[in-house]
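So the structure is just underneath, and the comments pick up after that.
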């Protein structure tokens, strides 16, 4: 995997790879947030309480400043947190009538994990290269 990433960096360069990974992160972040809002509203409709929606979205919102500031370390931590959302998605997928939503949450969380992992790698190398060039 490491050789493949190194050859990809040599072939394409860090700037396009970083931009592609950023788009991947933002897209999957948006899909995951939207799926969690839908699930939270479904829970609210059934139970009449918005606390689960807050509990699902709060960890994602806490990482928003790191995403906006383009910090590689924040993206790496978000990758770890996204695995918790993957587990939530798999659990929702086995609920009757919510299989589609659970798999959407699980796939969006996996996409977020991959995008954050790649972004953290490419952006940290990009920053290191810029610091060495200065």
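The values are calculated or read from the model by the stated rules, or taken from the named source; none is laboratory data. Small disclaimer: the values here were computed from a predicted structure and weren't measured. Reconstructed Cβ throughout: ideal geometry from the backbone, glycine too, with neighbour counts over all protein chains shown.
Listed here are the residues, each with its yes/no results for (1) without any contact (Cβ under 8 Å) to a residue 24 or more places away in the chain; (2) touching a helix residue (DSSP H, G or I) at 6+ places or on another chain (Cβ under 7 Å).
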position: 16; (1), (2): yes, no
position: 45; (1), (2): yes, no
position: 52; (1), (2): yes, yes
position: 66; (1), (2): yes, yes
position: 70; (1), (2): no, yes
position: 92; (1), (2): no, yes
position: 105; (1), (2): no, yes
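Any residue at all in the range 28-35 that's touching a helix residue (DSSP H, G or I) at 6+ places or on another chain (Cβ under 7 Å), in a helix (DSSP H, G or I) and without any contact (Cβ under 8 Å) to a residue 60 or more places away in the chain? Yes: the range 28-35 contains one or more residues that are touching a helix residue (DSSP H, G or I) at 6+ places or on another chain (Cβ under 7 Å), in a helix (DSSP H, G or I) and without any contact (Cβ under 8 Å) to a residue 60 or more places away in the chain.
Conditions tested, residue by residue: (1) closer than 14 Å to residue 113 by Cβ; (2) modelled with pLDDT under 95.
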{"position": "23", "(1), (2)": "no, no"}
{"position": "27", "(1), (2)": "yes, no"}
{"position": "31", "(1), (2)": "yes, no"}
{"position": "37", "(1), (2)": "no, yes"}
{"position": "40", "(1), (2)": "no, yes"}
{"position": "44", "(1), (2)": "no, yes"}
{"position": "51", "(1), (2)": "no, yes"}
{"position": "55", "(1), (2)": "no, yes"}
{"position": "60", "(1), (2)": "yes, yes"}
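Take the conditions (1) free of Cβ contacts under 8 Å to residues at least 40 places away in the same chain; (2) more than 12 Å from the chain's Cα centre (by Cα); (3) surrounded by fewer than 19 Cβ atoms within 10 Å (Cβ to Cβ); residue 77 misses just one of them, which is (2).
Residue 23 - would you say it is within 17 Å of the chain's Cα centre (by Cα) and surrounded by fewer than 15 Cβ atoms within 10 Å (Cβ to Cβ)? It is true that residue 23 is within 17 Å of the chain's Cα centre (by Cα) and surrounded by fewer than 15 Cβ atoms within 10 Å (Cβ to Cβ). Cβ-Cβ contacts under 8 Å between residues 6 or more apart (or on different chains), taken from a first residue in the range 1-12 that is part of a helix (DSSP H, G or I) to a second residue that is at pLDDT 80 or above, are listed as 5/121; 8/17; 9/17; 9/122; 9/125.
Residues in the range 82-103 that are within 21 Å of residue 21 (Cβ to Cβ) and buried (at least 17 other Cβ atoms within 10 Å of the Cβ): 3 in all. If the condition is being more than 24 Å from residue 43 (Cα to Cα) and loosely packed, with under 14 Cβ neighbours inside 10 Å, then the range 59-69 contributes 64, 65, 68, 69. Does any residue of the range 26-37 turn out to be farther than 30 Å from residue 15 by Cα and crowded, with 16+ Cβ neighbours inside 10 Å? Taking every residue of the range 26-37 in turn, at least one turns out to be farther than 30 Å from residue 15 by Cα and crowded, with 16+ Cβ neighbours inside 10 Å.
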